[in-house]
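The structure under discussion appears below in the form of C-alpha cells.
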Amino acid sequence: MARGNFSMKAKSKLGNFNKFLAVLLVIALVFLVLTVTVIKPGGAYVAAPVDADAAGDADVATIDEFVPDTYGGIEFNTVEDVVNYYIQCYNYTKTLTAQYNDNGTTATYYKLLGMEDLTIENLLVEGKSNDVVNKLVPSILGSVFKGGVKGLPPCGNISPTADKVGDGIDVTKSLLTADDVLMANVVDNGDGTINITIQPKGVVLSMPGSDAQGHFFNTLGDITSTVESISVLSFSSGTISENFVVDYKGGSGTVTINTATGEIVSGEYTMRVHIDVQHADVAILKDKSASLDIVYKNTFPATAEQLTEKGITAA
C-alpha cells in the first residue's frame, strides 16, 4: 500500500514539474519577445497583419457608443468627425516642443511627455494558472522591461526630428484614419475641455505604423520572427503563424483636449494583446499550449518626479 502511494505522489510531482517547465518556457518566449520588440525596437517588419476576427473571438466595442451632439462648442455628427478632430489635435500637439535637460545635455523634446507601463495577466498553461509562477512574473518582468518616456503614440522617439517607427515611418503626424476605428465617443467635461475615447479595430500581429492598431498604439511588431529564431523551439503540427497568434483588440485611448487651443493636455492609451501558443515542443515537453494577456499603457502627462527618475528635467 505504501509503495503504491509513493508511486502516485511521484507521478503527480513529475507532472507538476513538467507543467512548471512549460510555464517557464512561455515566460522565456514572451520576455525574449518583449526584450527584442519593446526594449530594442527596430529591425525588419515584414509579416502582413490580418483582421482580428481571424483569431477567433469577434472584435466588439468595449467603449460607449457615439452620440451625435455638440461637445465643448464643437459639433460632432459622426464617428468620422470625432476621428478627424482627434487627428487635428494630435498633429497640433506634436508640433509643441519644450527644452529639457537630459542627463546634462540640453534637448528639444515634445512638450507633452508620458510614461509607459506593461503588465502580464492571465498566464495559463494547458488552460490552467500556476500561483507560484504568477508570483514570479512581476520580478521577471521588472528585470526585462523598464518603462520609458514616450510622446503621443505611436512614438519612436521623444525628439520630433527622430520620431519614426517600424521601417522609418514618420509619426510626427497621426496615421489614424476613420476606417481604422471600431468605435469612438466624446464627453464634455464642462470646463472647456472634452474627452475623446477611441477604440481601433482589432489586428492579428500588428506592425508599428502599418495598420489600425499600429496607427494608434505602440505595437510590438513582428513577434513571430523572434520566436522563430529560437532554435530549441518547434511545433508538433502547423506553422508558427498558426501556432503563435498575437491578437490585438479591445484596447482604447482617452485624451483630454482643450477645445480653445486644440491641444491634448492629458491622456491614457491602453493597448491589449492576447498571445496564444499551441502545439509547442521544447526538449522533452511536447505539444504544449499556453496563453497570456499583455496590457500596455501610455499615460500623459508624466510627472516631474517620473521624468527626473529618467534624468530629464525642464530647462
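The values are calculated or read from the model by the stated rules, or taken from the named source; none is laboratory data. These figures come from a predicted structure and were not determined experimentally. All Cβ positions, even for glycine, are placed from backbone atoms using ideal geometry, and neighbour counts span all protein chains on display. Areas reflect the complete protein model, heavy atoms only, side chains present, ligands, DNA and RNA absent. Shrake-Rupley method; radii C 1.70, N 1.55, O 1.52, S 1.80 Å.
Results, tabulated for the structure shown:
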quantity	calculated
Looking only at the range 271-285, and only at residues there that are open to solvent by 20 Å² or more (accessible area, probe 1.4 Å) and under 15 Å from the mean Cα position of the chain (by Cα), the one that is modelled with the lowest pLDDT	H274
Of residues in the range 230-259 being more than 30 Å from Y90 (Cβ to Cβ) and either polar (S, T, N, Q) or at pLDDT 95 or above (or both), the one most open to solvent (accessible area, probe 1.4 Å)	S231
Any hit, the range 81-96, residues being in contact (Cβ under 8 Å) with a residue 60 or more places away in the chain, open to solvent by 30 Å² or more (accessible area, probe 1.4 Å) and part of a strand (DSSP E or B)	no
First in the range 97-121 and closer than 20 Å to T270 by Cα, second anywhere and open to solvent by 30 Å² or more (accessible area, probe 1.4 Å) and of a type in the set (D, E), Cβ under 7 Å, 6 or more apart	E121/D293
Qualifying residue in the range 55-62 (condition: in contact with a Lys or Arg (Cβ under 6 Å, 6 or more places away or on another chain) and either modelled with pLDDT under 95 or open to solvent by less than 30 Å² (accessible area, probe 1.4 Å) (or both))	yes
Residue among L220, L175, L182 that alone is in a loop (DSSP other than H, G, I, E, B), aliphatic (A, V, I, L, M) and open to solvent by 10 Å² or more (accessible area, probe 1.4 Å)	L175
Scope the range 144-172; condition surrounded by 17 or more Cβ atoms within 10 Å (Cβ to Cβ), in contact with a strand residue (DSSP E or B) (Cβ under 9 Å, 6 or more places away or on another chain) and part of a strand (DSSP E or B); matching residues	V149, K150, K164
Residue match in the range 215-224 (condition: modelled with pLDDT of 90 or more, more than 20 Å from S266 (Cβ to Cβ) and out of contact with any Cys (no Cβ under 6 Å at 6 or more places or on another chain))	yes
Only listed residue being assigned to a strand (DSSP E or B), touching a Ser or Thr at 6+ places or on another chain (Cβ under 7 Å) and of a type outside the set (A, V, I, L, M), chosen from T108, T119	T108
Residues located in the range 185-204, provided they are open to solvent by 20 Å² or more (accessible area, probe 1.4 Å) and either part of a loop (DSSP other than H, G, I, E, B) or of a type outside the set (V, I, T) (or both)	D188, N189, G190, D191, G192, N195, K201
Extreme residue, least open to solvent (accessible area, probe 1.4 Å), among residues of the range 286-306 that are among the aliphatic types (A, V, I, L, M) and not in a strand (DSSP E or B)	A302
Qualifying positions in the range 225-260 - free of Cβ contacts under 8 Å to residues at least 60 places away in the same chain, part of a loop (DSSP other than H, G, I, E, B) and more than 21 Å from P208 (Cα to Cα)	S231, V232, S236, S237, G238, T239
